[in-house]
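Taking it in order: structure first as C-alpha cells, then the write-up.
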Amino acid sequence: MSSPVTTIAEIGKHEGQTVTIRGWLYNLRESGKLLFPIFRDGSGLIQGIVPKSAVPPEVFDAIKGLTQESSVIVEGKVRADKRAPSGYELDVSNVEVLQRVSEEDPYPISLKEHGVDFLMEHRHLWVRTPRQASILRVRAEIIKAARDFFDENGFTLTDPPIITPAACEGTTTLFPVDYFEEQAYLTQSGQLYIEATALALGKVYSFGPTFRAEKSKTRRHLTEFWMVEPEVAYAKLDDLMVLAEDFISFIVKRCLEKRRADLQTIGRDVSKLEKISAPFPRITYDDAVKMLQEAHAKGALENKFEYGGDFGSPDETYLSAQFDKPVIVNRYPAVVKAFYMEPDPERPDLALCMDVLAPEGYGEIIGGSQRMASYELLVKRIREHNLPEEAFKWYLDLRKYGSVPHGGFGMGIERAVAWICGLEHVRETIPFPRMLHRLYP
Ligand code: 4AD
Ligand code: MG
C-alpha cells in the first residue's frame, strides 16, 4: 500500500485523499453485497464502506466474515460524512489482514455487556474498548496538566526513593521489601524526602507510584497508585489551600480543552466540570462534623458521626455531595492524622491540615498539611507514634538546620481520574489496577 499512513484522529486532514490506516477490526456489519467494517487504530474509530461492485474480489473476501480484533492495514479514500461519529468514512480500496483472529478462539470481549470480574480478568484486552481508551487518554492528560502546572509555576521535579527504610503515612499499611537482608518498605508517599528537597530548592514536586497495603475494599482504594506531591518552603496552610484550588482548576480546565471528545465517549456530564474554578468552599473539620450530625438527624446519613474521628467513605460521600465544587476541609483533630503535621497554634489539638473532597460524592482527592517545624515537638511525636527514631534522624535534621514553616499535599491521580471521568470505581482509572484481590493480569 503506497498511500500516506495516517491515524484515524488525524484523518480529517486528508479529506478526499487516499490514505493507509493501521489497526484492528472493531466490528463488522454485513448486508449482502455491502460490508461496513469499523476499524480502530488506538486514536479513534472509523467506519469503512466496501461495496462488492467497487473493490477487487480478494479485498471483499478478506473483509467478509473477518473476525473481531483481527489486525488489518487498510487503504481507502476519506469522505466527510456528517452522520459518522468521527465526521468521516473510508471508501475502502485495499486491505491486508496481518493476523486473522480464529473463529474457534474468538476475541473474548464482544460488544455485548460483560460482568466486571470478567472484564478485570481480561484487562489486557479490555483497554482496547473505546471507553477504556478514552479514560486512559484523560488520565494521561491529567498527569501532563499536573506536571505542566508545577513546571510553569517555578517548581522543580525531584524524585523521591521508592524503597524506603521507614513509614510515612502509618505503619499498618506498609509493603515490606527484603533489602539485602535488611527490612525495607515500598513508599507510601514521597513527602518526607521532598521536604528535604523543598528546603534545598524552595518549591518542588514529585510524581511517582506509591503503595498502601490496605485491606480496604472500597471503590476508592488501590494498593498501588500514583501520586503527585508539591512541597513548598515557607508555605502555610492558607497558601496550600490556594495552591490546591488553582492546581485542580487548572487540570479540569485542561481536560475540558483537550479531552472533551473523550469525556463525551465516557459519558461524562461536562457541565459539572465547567463549574470548577477557584476559589473553592472551605470548611473546618468542626463545620463538617456539624453537617454530618445534622444529616444523621434528618435521616440522610445512616451512622451518627462522633466528634474526633476521621471521616469514613460514607461521610466523605455525603459531604462532597453538598457542594458543586471541591470543598476544602481543614483542621482535623491531630490524633487522627499523621505524626508530621503542625499543630494549630490557636487549637493545639487540631492539625494545620486539609483534605480536598471532590464534588458529586467522590470524596478525598487531596490530602496535605503544614509540617511540624519544631525539632523538640517532632521528636516527641515520633516517640508517641512508636516510630523508629533512628530511621528519622535525617528527617529531624531538617528541623535542626534552618527549620522553616513549610508544607505540601498529595493528589492521587486515580482519584482525580475517577472524578473527572465520572467513574464509579478507581479500577478503571489505571491500565492495570492493583487491589486487595487483584494481581492479575
Ligand atoms: O492523604 P494521603 O494519605 O496523604 C499523604 O500521603 C501525604 N503524605 C501527602 C502529602 O502531604 N504530600 O494521600 C494523598 C492522596 C489522597 O488524597 C488520595 O487522593 C490518594 O493520595 N490516595 C489513594 N488513592 C488510591 N488508593 C489509595 N489507597 C489511596 N490512598 C491515598
Ligand atoms: Mg488522606
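No value in this document is a laboratory result; all are computed from the given coordinates. These numbers were taken from a predicted model, which means no experiment stands behind them. So basically every Cβ, Gly included, is an ideal-geometry build from the backbone, and we count neighbours across all protein chains shown.
Below is a table of values for the structure above.
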quantity	calculated
Exposed trypsin sites (Lys or Arg not before Pro) absent: longest stretch of the chain, with sites in DSSP loops and at most 12 other Cβ within 10 Å deemed exposed	113-214
Region 337-426, Rg to Rh (Cα coordinates; Rh as Kirkwood inverse mean 1/r)	1.09
Estimated vicinal HN-Hα couplings, Hz - region 274-285 in sequence order (Karplus 6.51, -1.76, 1.60; Gly, Pro = x)	5, 7, 7, 8, 5, x, 9, x, 10, 9, 7, 3
Unit charges on C-beta of K, R, D, E only; dipole of the chain, Debye	1020 debye
Test item: Cα-centred dipole of region 8-99, Lys/Arg +1 and Asp/Glu -1 on Cβ, debye	280 debye
Folded to 0 to 90 degrees: helix 130-152 orientation relative to the chain principal axis, Cα	50 degrees
FRET efficiency, S110 to Y440 (Cβ-Cβ, R0 25 Å, nearest 0.05)	0.70
Descending semi-axes in Å of region 71-153, equivalent ellipsoid built from Cα gyration tensor	30, 24, 13
Taking region 189-342 and dividing mean pair separation by its residue count, relative contact order in percent (alpha carbons under 8 Å, at least six apart)	18 percent
Under the Karplus curve 6.51 cos²θ - 1.76 cosθ + 1.60, θ = phi - 60°, whole-Hz ³J(HN,Hα) for region 79-84, x wherever Gly or Pro sits	10, 5, 8, 4, 7, 6
Contact order relative to length of the chain, as percent, for alpha carbon pairs under 8 angstrom and 6 or more apart	13 percent
Most mobile listed residue (A80, A278, A198) in the chain, GNM with C-alpha springs under 10 Å	A80
Residue range of the chain that is longest and free of chymotrypsin sites (Phe, Trp or Tyr not before Pro) which are both DSSP loop and sparsely packed (at most 14 other C-beta within 10 Å)	1-179
Selection of GluC sites (Glu not before Pro), region 17-104, meeting DSSP coil and at most 10 other Cβ within 10 Å	E103, E104
Under 5 Å, built H, 5+ apart or other chain: amide partners of S189	F211
Amide H partners (placed H, <5 Å) of V72, local residues excluded	G23, W24, L25, L98
Selected from S86, S189, S277 as most flexible by GNM, with the chain as the system and alpha-carbon contacts under 10 Å	S86
Residue of A233, A140, A84 that the Gaussian network model of the chain assigns the largest fluctuation, springs spanning Cα pairs under 10 Å	A84
4 °C / 1.567 mPa s Stokes-Einstein diffusion coefficient of region 8-99, Kirkwood radius on C-alpha pairs, µm²/s	101 µm²/s
On Cα atoms only, tilt of 237-258 relative to the major axis of the chain in degrees	0 degrees
Listed residues P165, G410, P441: farthest to the positive end of the dipole of the chain (Cβ charges)	P441
Geometric extent, Cα atoms of the chain - Rg, Dmax (angstrom)	26.1, 86
Region 149-206: GluC sites (Glu not before Pro) in DSSP coil with no more than 11 other Cβ atoms inside 10 Å	E181
Cβ charges +1 (Lys, Arg) and -1 (Asp, Glu), total dipole of region 60-109, debye	360 debye
Charge dipole of region 223-283 about the Cα centre (unit charges at C-beta), most positive-ward option of I266, I248, A235	I266
